[in-house]
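Accompanying notes for the structure given below.
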Amino acid sequence: MRLDSQLNGYRLTTAEILYHMPDHPGLLQTFVWQDLDLAPRFPVLHKFLDFWSRKLDGKLHSVRLAESRLITRSDWRHAEYLRHVN
């Protein structure tokens, strides 16, 4: 994960995707997707879901989303002193 992305507001985003099995549409299967994404619009997730709808056979049923900030600007501090101990 890139630190600059995290400092610019990207968050670890996890989506639980339920989809219909292509050969058995009455059955649902779960797929878990995870990436850094920008809340609240989630452009990376939307790009993935658009790809899914266009290219994959399993029709989407639902998506459940969770996101968490990993690091904030206030968490990032520069060290003023560094010492190596042998």
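What follows draws every value from the coordinates through simple rules; no lab data is involved. Please read all numbers here as calculations on a predicted model, not as lab measurements. Glycine gets a Cβ as well: all are built from the backbone with ideal geometry, and neighbour counts include every protein chain shown.
For this structure, a couple of remarks:
- Members of region 17-38 that are exposed (fewer than 14 other Cβ atoms within 10 Å of the Cβ) and under 12 Å from L65 (Cβ atoms): V32, Q34
- Beta carbons closer than 7 Å, at least 6 apart along the sequence or on distinct chains, pair a first residue in region 51-63 that is in contact (Cβ under 8 Å) with a residue 40 or more places away in the chain and of a type in the set (A, V, I, L, M) with a second that is assigned to a helix (DSSP H, G or I) and surrounded by fewer than 12 Cβ atoms within 10 Å (Cβ to Cβ) for L60/S53.
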